[in-house]
Amino acid sequence: MIFVTGPLFAGKQRFICDMLGWSEEEFCRKAVRDVQELAGNTQDLTELADRLSGFDVVIATEIGGGIVPLDPRERETRERAGRLACLLAERAETVIRVCCGLPQILKGELPCVSN
């Protein structure tokens, strides 16, 4: 599994589709994005990470930067999203952070894709 993270609107999905030569349709079948939104709605993050790691590509938007929310529920959701990202990074063969459309390999290497 390839885990991709980075800021909102940083080009994560476009980078993956370009790198792997995927169409939008292929992306929808083989990948899942915005998984940070699932973290607040599940009790067991480990089980969620196990399920998500069955996809070829998992994309999460970083939500841990900036001002810490005053609302305790928002802080908890943010914390759980960060914990989920850590669990996914552990399971991933490759971890990539994309910022401004530029990839930074954090773990593993880019997959070889033959056309």
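Any read-out appearing in this document is the output of simple, stated calculations on the displayed coordinates, not a laboratory observation. From a predicted model like this one, the values you see are computed outputs, not experimental measurements. Note that we place each Cβ from the backbone using ideal geometry, even for glycine, and neighbour counts take in every protein chain shown.
Of the listed requirements (1) surrounded by 13 or more Cβ atoms within 10 Å (Cβ to Cβ); (2) of a type in the set (D, E, K, R); (3) closer than 20 Å to residue 100 by Cα, residue 14 misses just one: (1). Selection of segment 43-62 for residues being surrounded by 13 or more Cβ atoms within 10 Å (Cβ to Cβ) and either without any contact (Cβ under 8 Å) to a residue 12 or more places away in the chain or assigned to a strand (DSSP E or B) (or both) yields 51, 57, 58, 59, 60, 61. Among the residues of segment 1-11, is any in contact (Cβ under 8 Å) with a residue 12 or more places away in the chain, part of a loop (DSSP other than H, G, I, E, B) and closer than 15 Å to residue 87 by Cβ? Looking through segment 1-11, at least one residue is in contact (Cβ under 8 Å) with a residue 12 or more places away in the chain, part of a loop (DSSP other than H, G, I, E, B) and closer than 15 Å to residue 87 by Cβ. Sort out which residues of segment 63-89 are part of a helix (DSSP H, G or I) and without any contact (Cβ under 8 Å) to a residue 40 or more places away in the chain, and write them in order of number. Of everything in segment 63-89, those that are part of a helix (DSSP H, G or I) and without any contact (Cβ under 8 Å) to a residue 40 or more places away in the chain turn out to be 72, 73, 74, 75, 76, 77, 78, 79, 82, 86. Filtered by the rule that a residue be within 11 Å of the chain's Cα centre (by Cα) and either outside any strand (DSSP E or B) or under 18 Å from residue 110 (Cα atoms) (or both), segment 17-36 gives 31, 33, 34, 35, 36.
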